[in-house]
Structure formats: C-alpha cells, structure tokens
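The next block holds one structure in the form of structure tokens; read it before the comments.
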Amino acid sequence: MIRMFGGVLSALTLMVLVGCSSHHHHGMMGGGKSDAYWEKGRQDMENLINRTVQDPEKAKQVNAFVGEIIKELKESREQERAYHRQLYTLNTSYTATPDEFSKIVNEANIQRMQSSARVLSLRFRMKDQMTADEWKALSDRMVAYSGRYQHGNAGAKTGY
C-alpha cells in the first residue's frame, strides 16, 4: 500500500511540475504561450532525468515517456475546458434539466479517470526504465523542484 501511494505521489508530482508551468498564467491559454509553458516543464524534466539516469539510452526512453505524459495532460486539460464551456452554455438555458448537467459532468469525470489511468500507465513504464536508486533520486529532485512553485512560499528552492 505504501509503495502504491509513493507511485501515485510521484505521478502527481510530475503532473504538478508540468502543470505549474502554466498555472500562474491562466489568462494566457490561447495560442502559443501555453505551449511555451508546457515546453519549459518538459525541458526542466529532461534536465532532471538526464542528470539522474545513468544510461543515456534509458534516459532517452524516460524522456519519451515524459513527453507522452505531457501530451496526455495537455489533451486532458483541453478536454476539461471543453466540458466547462458546455456547462457554461447549458447554464444559459433556463429550461436545462439536471440530467443534462449530470450527463456533461459524468462524461468529464469518465474522461478524467481515463486520462489519469493513461498517465499512471506511462509512469510505471517510465519507472521500469530506471533503477530504484535513480527513481528515488529523480523523485527527490522533482519534489524539491515542484516546491519552488508551491503557493505561499516566500522564495524558490534551488537544491535540485
């Protein structure tokens, strides 16, 4: 159970790392600016992986999995936004029924669960390319790195 919790924590840390790069810039989601933030997260992860994974071929494979995770997170975020737009539109209808709202919310929840399952699958494939020591070192560096983006922290941590 503790091992599974650690795995979920690592996947969530990766999502936080990737998501934080766009979190502070909600108003800039249109066009290319969003892509720049995702790319920054990808580059930061690539640097952490390249410094942690000793075998260059395995590091390349791990970086490919990170790219797939980022792609999944981006697509999921766009789908989530589309569901929100559907709810906003439905909300303008005075005659909308609870079932109409529930249908959209249920579809969004199913999509979110499917996306989470894909990310977790990629996380385990990524982990399989690494030694236990590399996984621990990368996880520690990711936690230190993501701590730089925690709300309410006075300063950035730089110990990664």
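List of remarks:
- Residue pairs whose Cβ atoms lie under 6 Å apart, sitting 6 or more positions apart in sequence or on different chains, and linking a residue in region 63-85 that is at negative phi and of a type in the set (A, V, I, L, M) to a partner that is in a helix (DSSP H, G or I) and modelled with pLDDT of 95 or more, are ILE69/VAL119; ILE69/LEU122.
- Looking only at residues in region 52-69 that are in contact with a Leu (Cβ under 9 Å, 6 or more places away or on another chain) and in a helix (DSSP H, G or I), the one that is nearest to ASP128 (Cα to Cα) is VAL62.
- Scan of region 40-62 for residues that are without any contact (Cβ under 8 Å) to a residue 60 or more places away in the chain and open to solvent by 30 Å² or more (accessible area, probe 1.4 Å), ordered by number: LYS40, ARG42, GLN43, GLU46, ASN47, ASN50, ASP55, PRO56, GLU57, LYS60
- The set of residues in region 118-132 that are of a type outside the set (Phe, Trp, Tyr), within 24 Å of PRO56 (Cβ to Cβ) and in a helix (DSSP H, G or I) comprises LEU122, ARG123, ARG125, MET126, LYS127, ALA132.
- Filter result for GLN86 (closer than 25 Å to LEU138 by Cα and either out of contact with any Gly (no Cβ under 8 Å at 6 or more places or on another chain) or open to solvent by less than 50 Å² (accessible area, probe 1.4 Å) (or both)): no
- Hits in region 104-160 (condition: open to solvent by less than 80 Å² (accessible area, probe 1.4 Å), touching an Asp or Glu at 6+ places or on another chain (Cβ under 8 Å), modelled with pLDDT of 90 or more and not aliphatic (A, V, I, L, M)): GLN111, SER115
The values are calculated or read from the model by the stated rules, or taken from the named source; none is laboratory data. Every value quoted in this text rests on a predicted model; they were computed, and no experiment measured them. Cβ sites come from the backbone with ideal geometry, for glycine too, and all protein chains shown count toward neighbours. SASA here: full protein model, heavy atoms, side chains in, ligands and nucleic acids out. Shrake-Rupley method; radii C 1.70, N 1.55, O 1.52, S 1.80 Å.
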